[in-house]
Amino acid sequence: MLYVVGTPIGNLEDITLRALAILKSADLIAAEDTRHSGNLLRHFEIRKPLVSYHEHNEAMRTAELAERLAAGETIALITDAGMPGLSDPGARLIRKCIERELPFSVIPGVSAITTALVGSGMELARFCYRGFLPVKSGQRERELNAAVAREETTIFFESPYRLNKTLSACAALMPERVLCVARELTKKFEEFRRGTGAELLAHYTARPAKGEITLLIAGVEGWRRRKFGQDSQD
């Protein structure tokens, strides 16, 4: 059996009892970064064999893990934070299990996507998660243009080193649209900062952002409701 295990995105105490039980019972733990995951396992006194499973060895390691699963081993798959497969390695192994009819189970955990969405105060009923914003300017601009036109809330992951560049682009493309920078979620310096692109750019120019960042852009309807002071249930 393969267990796809959601892990904490910051605060280690957010791990579930079920996830701990799975990690303690697995024959092998496949981790995105064995050093990073080693800290989590040591915190909960879990001692199991570890192998790396990341973007650079995913193709080779998928075949290896599939053979071990077929031989009857129980493997837990984890990433540095959150759910494997969501902007992290894991989807390839899950597809391989489906292809070979190998059993697997998903163990839910904390998600930066839903945590940021709820804390943003934006439209919750409909949202569009687009992963990491592209590094190339042309692809990035296309993603932001699509977010401007989208009715639902759009969610991106972004690097702190590119945040100001993205906020500058947002200020030009959508000057009145409400944005939210959700930073260091579940950690000591957790922050939800809301405002226009220009307002957020001014803030983070004076105080450069650090840590993990989730950027949310209000959808057309959500922005209109707040602009005209209408109740979100209209």
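For this structure, a couple of remarks:
Let's see how each residue does on (1) buried (at least 16 other Cβ atoms within 10 Å of the Cβ); (2) in a helix (DSSP H, G or I); (3) among the small types (Gly, Ala, Ser):
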position: Glu13; (1), (2), (3): no, yes, no
position: Ile22; (1), (2), (3): yes, yes, no
position: Arg35; (1), (2), (3): no, yes, no
position: Gly38; (1), (2), (3): no, yes, yes
position: Arg47; (1), (2), (3): no, no, no
position: His56; (1), (2), (3): no, no, no
position: Arg61; (1), (2), (3): yes, yes, no
position: Leu65; (1), (2), (3): yes, yes, no
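- Options Arg130, Arg126; residue that is surrounded by 14 or more Cβ atoms within 10 Å (Cβ to Cβ), assigned by TED's automatic domain parsing to the domain that holds Leu185, closer than 30 Å to Val148 by Cα and under 18 Å from the mean Cα position of the chain (by Cα): Arg130
- Contacts under 7 angstrom Cβ, first residue in segment 1-17 being in contact (Cβ under 8 Å) with a residue 24 or more places away in the chain, partner among the aromatic types (Phe, Trp, Tyr) and part of a strand (DSSP E or B), 6 or more apart: Met1/Phe104; Leu2/Phe104; Val4/Phe104
- Enumeration of residues in segment 191-208 that are touching a residue at least 24 places away in the same chain (Cβ under 8 Å) and either outside any helix (DSSP H, G or I) or under 17 Å from Gly121 (Cα atoms) (or both): Phe192, Arg194, Thr196, Gly197, Leu200, Pro208
- For Gly90, the conditions (1) within 17 Å of Asp14 (Cβ to Cβ); (2) buried (at least 19 other Cβ atoms within 10 Å of the Cβ) are fulfilled apart from (1).
- Among the residues of this structure, Leu185 counts as one that is modelled with pLDDT of 95 or more, under 19 Å from Met122 (Cα atoms) and part of a loop (DSSP other than H, G, I, E, B).
- Close pairs from segment 175-188: first closer than 13 Å to Ile9 by Cβ, partner of a type in the set (Asp, Glu) and in a loop (DSSP other than H, G, I, E, B), Cβ under 6 Å, at least 6 apart: Glu184/Glu190
- If you filter segment 67-84 down to residues that are touching a strand residue (DSSP E or B) at 6+ places or on another chain (Cβ under 8 Å) and among the small types (Gly, Ala, Ser), you find that the one that is farthest from Ile113 (Cα to Cα) is Ala76.
- Failed item, numbered, when Leu167 is tested on (1) outside any loop (DSSP other than H, G, I, E, B); (2) farther than 29 Å from Asp80 by Cα: (2)
The values are calculated or read from the model by the stated rules, or taken from the named source; none is laboratory data. Here the structure is a predicted model, which is why all the values come from computation and not from measurement. Methodologically, a virtual Cβ is constructed for each residue, glycine included, from the backbone with ideal geometry; neighbour enumeration extends over all protein chains shown.
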